[in-house]
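First up is the structure itself, then whatever we jot down about it.
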């Protein structure tokens, strides 16, 4: 059995390459068919905001890459409900609707379930 | 116990020093390090271009000595390194750049090497940030 | 399974400690390193948050010493060999980078 890896992405999408580099770890794991989970937490939940416009900052569109995750075999997608609520982010219209909204207790159980964790 | 150690911060960050001391303590404790993987700003730790003032700790030099002495597998993420201008001879040639910053004992390779190390190791330990 | 959570950022003006305490499990532990040891500054909100609940709390001794912070009775000061052993004792290490 391959070891499972949970990536916790805590960075806003427009704060430099960190959010993208966290996503790259996830995509690389998916490409190797490894059991990978991705949890958006703290400012990382802003990656799921609807109607973001990457062109306004001449950036690549991270949302588009996130949409592709299920196609890359990454289906274990989660978002911290508390982080979103604190930031006034309405998850009903989130751009990655596959991401399951989790409570703090559920996140504790999630971290427990994975073999290794990287929080970026 | 088999460790994979991943470093995400630049050489001048305190977390890079902690990573080195952890790695040294792991080997001293009779454990194995299956791979060191430098990602994000961690790639700067493999740079031979860093010049540290004489009265300060020269972390890139210490990493180089540590990896060479123990013949460890030191992998620098190639995409992160390209983005930050930390190139080895091969990549400098490929992209027609003058500055070569990385040489022996480091190897530039892909993120697959991180996943490979996670699969091989009993523990993944990450250092970075502050 | 159990997790060793590792913090290295100052808890003042940063939400890592808050988020970590929100999701840390009863079998887990917290290791303060670097500027995260400023959470030991008595009488502060981070210090009170650490003391508000039972917690397996460890502190990297050199970081507390460098910052002239006292290790409270509820915490254990560790060196690097102990850090290595701690990372083995717990099933995984979650560093909040």
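For peptide C:79-92, the mean count of partner chain Cβ atoms within 10 Å of a residue's Cβ comes to 6.
Calculated FRET efficiency, residue B:61 and residue A:113, Cβ-Cβ r, R0 45 Å, to nearest 0.05? Let's see the in-between values first.
Details: r = 41 Å, r/R0 = 0.91.
So the FRET efficiency works out to roughly 0.65.
Can you give the average number of partner chain beta-carbon atoms within 10 Å of each beta-carbon in peptide A:96-104, as a whole number? List each step's numbers first, then the result.
Numbers: counts 0, 0, 0, 0, 0, 0, 1, 2, 5.
Per residue, the number of nearby Cβ atoms from other chains is 1 on average.
Of all DSSP beta bridges confined to the protein assembly as shown, the antiparallel ones make up roughly 0%.
Computed over chain C, the per-residue total of -39500 (n - 2.57) for DSSP H runs of n ≥ 4 gives a 222 nm mean residue ellipticity of -8500 deg cm²/dmol, rounded to 500.
Its relative contact order, with pairs defined as Cα atoms under 8 Å and 6+ residues apart, puts chain A at 36 percent.
Expressed as a rounded percentage, what relative contact order does chain C have, with Cα pairs under 8 Å and six or more residues apart? Before the final figure, lay out each step's value.
Details: 155 pairs, mean separation 36.0, N = 97.
Reported as a whole number, the value is 37 percent.
Shape class for chain A: oblate, because the ratio a/c of the largest to smallest gyration tensor axis (alpha-carbon atoms, square roots of eigenvalues) is 1.5 or more and b/c is at least a/b.
Ordered by the count of other Cβ atoms within 10 Å of each Cβ, fewest first, C:89, B:70, C:9 give C:89, B:70, C:9. Per-residue ellipticity at 222 nm, computed for chain A from helices alone with -39500 (n - 2.57) per DSSP H run of at least four residues, works out to -8500 deg cm²/dmol.
Distance between the 7 Å Cα→Cβ label points at residue A:86 and residue C:44: 1.7 nm. Among rounded, prolate and oblate, which fits the stretch A:1-66 when a ≥ b ≥ c are the square roots of the eigenvalues of its C-alpha gyration tensor, a/c under 1.5 means rounded, and a/b larger than b/c means prolate? It is prolate, given that a/c is not under 1.5 and a/b is the larger ratio.
Quantify how strongly other chains surround peptide B:109-119 by giving the mean number of their Cβ atoms within 10 Å of each of its Cβ atoms.
Averaged over the peptide's residues, the number is 5.
Ordered by the count of other Cβ atoms within 10 Å of each Cβ, fewest first, B:50, B:104 give B:104, B:50. Based on the alpha-carbon gyration tensor of the stretch B:62-115 and its eigenvalue square roots a ≥ b ≥ c, which shape applies: rounded if a/c is under 1.5, prolate if not and a/b is larger than b/c, or oblate? The shape class here is oblate. If you take the Cα centroid of the stretch A:64-120 and the Cα centroid of the stretch B:72-121, the two points sit 30 Å apart. Ranking of B:120, A:33, C:28, C:14 by neighbouring Cβ atoms within 10 Å, starting from the fewest: A:33, B:120, C:14, C:28.
Read-outs: derived from the displayed coordinates by stated rules, not from any lab. Everything quoted here is computed from the prediction, not taken from an experiment. Counting neighbours? That spans all protein chains shown, and the Cβs are built from the backbone with ideal geometry, glycine included.
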